[in-house]
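**Q** Quick one: the structure is below, and I'll ask about it shortly.
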Amino acid sequence: MVKWICFSLLALVQFNSICAQVPSRIQKFFTQCYDSNHLTKGSFPRFDGYYTVCIHPKEIEEIGPQGEKYVTKKDSSFFNITFFPDGVCLFSDATVERVEYYVPHLKTLQNAEKVTHDYFYQFENWGLFWMDGDTLKTQRTNHEQRFSAYWNFYENHFLIKDELVWEKIRYRRNSETFIVLKNNAADQHIEFTRTGLYLKSDTWLKKEKWFWCDPKEWEKWMKEKGYRY
């Protein structure tokens with residue numbers, strides 16, 4: 001009996017880790033879908049490296065899970081953003097210290113023939129981006145266990161004044177309502193690190209059928225990558 005319980009728990013953990021599914025409560029916040037035929041044009045953003053955003057200390061009004069508002073004090077934090085030509089974007093987790101990607105490791109990901117189960121692709125915060133005039137808009141979610149309560153959705157809008165001058169003008173988290181920010185340009189410092197690499201956007205999020213605009217394209221991609229569905 002004990003062996004059977006242990007086996008069942010192990011199977012459940014493996015199932016959750018391999019077949020993590022974004023909860024419907026998170027899916028509903030995405031207003032964009034992935035178009036495998038999309039190609040981002042223009043000189044911004046760049047795809048041959050990643051952007052590092054430094055957020056300076058400040059107080060931020062947050063929205064709780066029940067819609068309640070509260071103020072939190074934020075220390076300086078850093079996170080990286082990687083953009084891909086097909087409209088996919090990757091946000092790293094925010095940390096109190098700058099994190100630089102190890103370029104030789106990124107090269108192994110670039111040259112891999114099959115989808116790798118590396119942390120870069122299987123976790124982190126993945127989503128979509130698009131330009132609306134001079135405004136960069138992004139939607140993303142984190143990656144948790146299938147039944148975890150810690151899934152989150154984020155949408156950020158940045159007014160692009162220059163390649164390295166962004167002003168975060170509004171955002172929302174697990175909500176349909178945006179929080180509008182004013183005079184926020186001085187709170188963020190942007191840097192670009194050129195790696196000279198053009199990575200594949202083979203994120204874990206592409207395994208989700210709802211994420212795609214065309215279900216047939218999803219099936220085609222799943223077959224090409226050798227995934228069951």
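**Q** Can you name the strands (runs of 3 or more DSSP E) wholly within segment 97-172 that have at least 3 residues being more than 15 Å from ILE81 (Cα to Cα)?
**A** Here the list reads 153-162.
**Q** Let me ask another. Here is a list of conditions, (1) modelled with pLDDT under 80; (2) surrounded by 11 or more Cβ atoms within 10 Å (Cβ to Cβ), and TYR51 meets all of them except one; can you say which number that is?
**A** The single condition TYR51 does not satisfy is (1).
**Q** Please find, among LYS168, LYS161, the residue that is touching a residue at least 12 places away in the same chain (Cβ under 8 Å) and exposed (fewer than 13 other Cβ atoms within 10 Å of the Cβ).
**A** Of LYS168, LYS161, the one residue that is touching a residue at least 12 places away in the same chain (Cβ under 8 Å) and exposed (fewer than 13 other Cβ atoms within 10 Å of the Cβ) is LYS161.
Conditions tested, residue by residue: (1) within 18 Å of the chain's Cα centre (by Cα); (2) over 21 Å from LEU128 (Cα atoms); (3) assigned to a loop (DSSP other than H, G, I, E, B).
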{"position": "SER175", "(1), (2), (3)": "yes, no, yes"}
{"position": "LYS182", "(1), (2), (3)": "no, yes, yes"}
{"position": "TYR198", "(1), (2), (3)": "yes, no, yes"}
{"position": "GLU219", "(1), (2), (3)": "no, no, no"}
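**Q** Among the numbered criteria (1) closer than 23 Å to ASP162 by Cβ; (2) surrounded by fewer than 16 Cβ atoms within 10 Å (Cβ to Cβ); (3) of a type in the set (A, V, I, L, M, F, W, C), which single criterion is violated by PHE129?
**A** (2)
**Q** Among ASN152, ASN156, which is touching a Ser or Thr at 6+ places or on another chain (Cβ under 6 Å), in contact (Cβ under 8 Å) with a residue 12 or more places away in the chain and either under 18 Å from PHE91 (Cβ atoms) or buried (at least 19 other Cβ atoms within 10 Å of the Cβ) (or both)?
**A** Values: ASN152 fails: touching a Ser or Thr at 6+ places or on another chain (Cβ under 6 Å).
Just one listed residue meets the conditions, ASN156.
**Q** I'd like the full set of residues that are touching a residue at least 24 places away in the same chain (Cβ under 8 Å), of a type in the set (A, V, I, L, M) and loosely packed, with under 13 Cβ neighbours inside 10 Å, limited to segment 171-190.
**A** The one that is touching a residue at least 24 places away in the same chain (Cβ under 8 Å), of a type in the set (A, V, I, L, M) and loosely packed, with under 13 Cβ neighbours inside 10 Å: ALA186.
**Q** For residues in segment 136-149 being of a type in the set (Ser, Thr, Tyr) and in contact (Cβ under 8 Å) with a residue 40 or more places away in the chain, which is surrounded by the fewest Cβ atoms within 10 Å (Cβ to Cβ)? Walk me through how you get there before you give the answer.
**A** The first filter runs over segment 136-149 and keeps only residues of a type in the set (Ser, Thr, Tyr), leaving 138, 141, 148.
Narrowing further to those that are in contact (Cβ under 8 Å) with a residue 40 or more places away in the chain: 138, 141.
Working: THR138: 20, THR141: 23.
In this case the residue turns out to be THR138.
**Q** Sticking with this one: Out of all the residues in segment 194-226, which are farther than 15 Å from SER36 by Cα and exposed (fewer than 14 other Cβ atoms within 10 Å of the Cβ)?
**A** Correct list: ARG194, GLY196, TYR198, GLY226.
The values are calculated or read from the model by the stated rules, or taken from the named source; none is laboratory data. From a predicted model like this one, the values you see are computed outputs, not experimental measurements. Here Cβ is always computed from backbone atoms with ideal geometry, including for glycine, and neighbour counts include all displayed protein chains.
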